[in-house]
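Before any comments, here is the structure.
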Amino acid sequence: MGKQYSFVQDGDRFVLSINNHEEIVSALAAFCQDQGILCGEVSGLGAVNTATLRFLDPATKKYVDKTFDEQMEISSLVGNISEKDGDVYLHVHVNLGRSDYSVVGGHLLCATINGACELVVTRFHCTAGRRPDEETGLNLYDF
């Protein structure tokens, strides 16, 4: 299997194109792993034909997932890159525009590209780990 992406680099910034029909989160994680990026940020746009979003219910500290199977535009994708247990840890949110011009959004669990996915990744020269937080049920930054 070939690379899931192509990119150009400008110092600590990378302009990244994820291949059509790839899953965004796994391709981004592979890119960060390949480039040794364990702290940074990501932003981008594109189009998908399926996406699973998550919403954390603070009362139960459990995620509620919902899948949308339709063509949608990524009007905004933002996130951060850190590490947990030595592996890339992505925290990505997305807004997805539907054909009726309504928008769904939330924490991005996974999404399959149908068209393009153009991202900018910035590498930071610091360490940002993650630790489970009992009160919130989240994996929070651990500096």
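The values are calculated or read from the model by the stated rules, or taken from the named source; none is laboratory data. Predicted, not measured: the structure shown is a model, and the values here were computed from it. Cβ sites come from the backbone with ideal geometry, for glycine too, and all protein chains shown count toward neighbours. Note: areas computed on protein heavy atoms with side chains; ligands, DNA, RNA excluded. Shrake-Rupley method; radii C 1.70, N 1.55, O 1.52, S 1.80 Å.
Per residue of segment 69-80, in order, report the coupling 6.51 cos²θ - 1.76 cosθ + 1.60 (Karplus, θ = phi - 60°) as ³J(HN,Hα) in whole Hz, putting x for Gly and Pro.
9, 6, 6, 9, 8, 7, 7, 6, 10, 9, x, 10
Would you list which aspartates and glutamates come within 14 Å of Lys84, measuring only between C-alpha atoms, while excluding same-chain residues fewer than 8 positions from it?
Within the straight-line cut-off, Lys84 pairs with Asp133, Asp142.
Go ahead and collect, in residue order, the members of segment 63-96 whose backbone nitrogen is under 18 Å from a label point 7 Å along the Cα-Cβ direction of Arg131.
Only 82-87, 89 fall inside the zone, counting backbone N under 18 Å.
At 0.36 nm per residue, minus the direct Cα-Cα distance, what do Phe124 and Arg54 gain on full extension? Give it in nm, one decimal, please.
On the way: separation 70, 0.36 × 70 = 25.20 nm, distance 2.66 nm.
Answer, rounded to one decimal: 22.5 nm.
Taking segment 30-107 as the region of interest, what is the percent of Cα-Cα pairs per 5 angstrom bin, listed from the shortest bin to the one with the maximum distance?
Going from the shortest bin to the longest, the percentages are 3, 14, 21, 19, 19, 15, 7, 1, 0.
Using only helices, what value at 222 nm comes out for the chain when you add -39,500 (n - 2.57) per DSSP H run of length 4 or more and divide by the total residues, to the nearest 500 deg cm²/dmol?
Working: 1 runs with 12 residues, N = 143.
About -2500 deg cm²/dmol.
Determine by what factor the alpha-carbon radius of gyration of segment 74-143 differs from 2.2 N^0.38 Å, reporting the quotient. Walk me through the numbers before you get to the answer.
Details: Rg = 14.7 Å, N = 70, 2.2 N^0.38 = 11.1 Å.
Cα-based Rg divided by the globular estimate yields 1.33.
Give the peptides 30-41, 124-135, 8-19 in descending order of average Cβ contacts within 10 Å, highest first. Present the calculation step by step, with values, prior to reporting the outcome.
Values: 30-41: 17.4, 124-135: 11.8, 8-19: 14.7.
My ranking of the peptides, most packed first, is 30-41, 8-19, 124-135.
Based on Cβ point charges of +1 for Lys and Arg and -1 for Asp and Glu, what charge dipole magnitude is obtained for segment 1-93 about its Cα centre, in debye rounded to the nearest 20? Write out the running numbers ahead of the final one.
Details: 7 positive and 14 negative charges, 41 e Å.
Magnitude of the dipole: close to 200 debye.
Carbon-plus-sulfur fraction of the accessible area of segment 7-143, 1.4 Å probe, in percent?
Values: 3840 of 7480 Å².
In segment 7-143, the share of accessible area belonging to carbon and sulfur is 51 percent.
Which value, in debye to the nearest 20, gives the size of the charge dipole of segment 36-82 about its Cα centre, when Lys and Arg are +1 and Asp and Glu are -1 at the Cβ?
Numbers: 4 positive and 6 negative charges, 54 e Å.
I would put it at about 260 debye.
Relative contact order for segment 70-143 using alpha-carbon pairs under 8 Å, separation at least 6, rounded to a whole percent? It would help to have the intermediate numbers written out before the result.
Details: 97 pairs, mean separation 17.6, N = 74.
Contact order relative to length: 24 percent.
At 1.4 Å probe radius, can you tell me the per residue accessible area of segment 1-83 in Å²?
Working: 4430 Å² over 83 residues.
On a per-residue basis, 53 Å².
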